[in-house]
1. Would you mind telling me which numbered condition in (1) touching a Phe, Trp or Tyr at 6+ places or on another chain (Cβ under 7 Å); (2) in a helix (DSSP H, G or I); (3) of a type outside the set (Ser, Thr, Tyr) Val18 fails?
2. Given the structure, is Ser412 modelled with pLDDT of 85 or more and hydroxyl-bearing (Ser, Thr, Tyr)?
3. Determine whether Arg52 is assigned by TED's automatic domain parsing to the domain that holds Met118, closer than 21 Å to Asp110 by Cβ and not in a helix (DSSP H, G or I).
4. Could you say whether any residue in the range 4-14 is more than 24 Å from the chain's Cα centre (by Cα), surrounded by 23 or more Cβ atoms within 10 Å (Cβ to Cβ) and not aliphatic (A, V, I, L, M)?
5. Go through Ile98, Ile90, Ile115 for me and flag whichever is touching a Gly at 6+ places or on another chain (Cβ under 7 Å), of a type in the set (Val, Ile, Thr) and under 23 Å from Lys33 (Cβ atoms).
6. Hey, does the range 234-248 have a residue that's outside any helix (DSSP H, G or I), more than 16 Å from Ala119 (Cα to Cα) and at pLDDT below 70?
7. Find the residue count for the range 392-416, including only residues that are more than 16 Å from Arg207 (Cβ to Cβ) and among the small types (Gly, Ala, Ser).
Amino acid sequence: MQSDECPPFDPETARVYVTMVHGTWATDTPWVKKKSLLRQTLNARFGPVGFRSIDWTGKNSHAARLNGAEKLRRCLAERAPPADSKHFIIAHSHGGNIALYAMQDEALNDSISGIVCMATPFICIRERELSRTLIFPMASCFAGGLFLVFKPTEIPGGQIFAWVVLLCAALCLVLWLASVATFRKAKARARTEFLKSLRLPEFDSERLLIVRPTGDEASGGLVTSQFLSWAVILIWKVMDRVYEFFVRWRQKTSGVIGVTTFVLAPILLGVLGLFGITLVLWDISALDLLRGGIALSLAIIGLVILIFGLYGLVLATALIASQCPFGFDAIRHCFTLQTTAESSPPFELQSTGDEPPHSTTPSSTVPKRRHSPSQVVHVSLPPLKPEERDLDHSRLYTFEEVVVQIVDWIESRVNFQKK
């Protein structure tokens, strides 16, 4: 049974069929319409070409792209062209990811003659676990709480400092709880299926054409976010090392004893130090001395942990910012999943023996591709006129040079498959 959501080809009888997929926020894009340069050039080269455009929401999120891929997969299966014809998919921007997601169906993968990806930032996903490093800002809750209890009025700004510690701890604690809740809310099987659905499947690179402008603003922004994400991870490793050092030290000192020593040692040292100073300089009662020593020691501990808390908060903010270009659900999973954009699909990295960014498998065990890498065309577009406001990313398909290269490649695939 055919769905009303799946449009038929126009015309329905042809020797070459083209399914078009628009990009993000481009539901009314001109390049899929009848009078577009691309459609006219294809008709002039092959005679009547069967065209159809697959509409999806165009929202910038993993969920929207996966739903778009499911719709495309359903349309490819329900309204497939004749077996003796050639069927190509032409996609722009994230539409290229949708087209490749649809190729997770092996039968459809084999039936497609070729895919053209125009200015597509290929999505790569990998797992990560960062929430444990936020143990330090969580610990600042303890230090700040004790600091408030002792009310160190002798130290200027003491209570303000304690409230700052608590605020930082609360913010980091919310981030930590959000990351843990997000990762543990779904069952392990559902999480595995989610990761599997977000990973681009293998596709014969010889059937893939990648066209991108040299000044692609969207790709530049995604690469910037990718660099920011990588930089955050590298810096975050410092917290990991401190955390691992603390864990190893705690294990060597029998757990509870180690933690107790870690907390009490600075306090005892502070009290003893202050006691020695006051014996020489001032005549202060033992109770005031003890109270002041504890307050000073807690202030030192609180300051150190506050630095870690602010450090974690800044990095968490940068981490969230690095995932903003991929949508809200990428932000929601930023502590457990890293989303990046690559100039080539993940399976192209496997073809060279490199480890893909989303893979946790050593490169020695990654299967090598037998075919050559896909064809990549870089196009330098003419500068914009003063009255024009379009981006190179969005005006790529309006230039004859780009369209001719796409049509030439499609013709080469048609002639190759005739042999």
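1. Every condition holds for Val18 apart from (2).
2. yes
3. Here the answer is yes, as Arg52 does meet what is asked.
4. So far as the range 4-14 goes, no, none of its residues is more than 24 Å from the chain's Cα centre (by Cα), surrounded by 23 or more Cβ atoms within 10 Å (Cβ to Cβ) and not aliphatic (A, V, I, L, M).
5. Details: Ile90 fails: touching a Gly at 6+ places or on another chain (Cβ under 7 Å); Ile115 fails: touching a Gly at 6+ places or on another chain (Cβ under 7 Å).
Sole residue among the options that is touching a Gly at 6+ places or on another chain (Cβ under 7 Å), of a type in the set (Val, Ile, Thr) and under 23 Å from Lys33 (Cβ atoms): Ile98.
6. Scanning the range 234-248, I find no residue that is outside any helix (DSSP H, G or I), more than 16 Å from Ala119 (Cα to Cα) and at pLDDT below 70, so the answer is no.
7. The number of residues fulfilling the criteria is 1.
One line per residue, one yes/no per condition, for (1) among the aromatic types (Phe, Trp, Tyr); (2) free of Cβ contacts under 8 Å to residues at least 60 places away in the same chain:
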residue	(1), (2)
Thr29	no, no
Val32	no, yes
Glu78	no, no
Tyr101	yes, no
Asp105	no, yes
Ser111	no, yes
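The values are calculated or read from the model by the stated rules, or taken from the named source; none is laboratory data. In this text, all values refer to a predicted model and were calculated from it rather than measured experimentally. Virtual Cβ from ideal backbone geometry, glycine too; neighbours counted across all protein chains shown.
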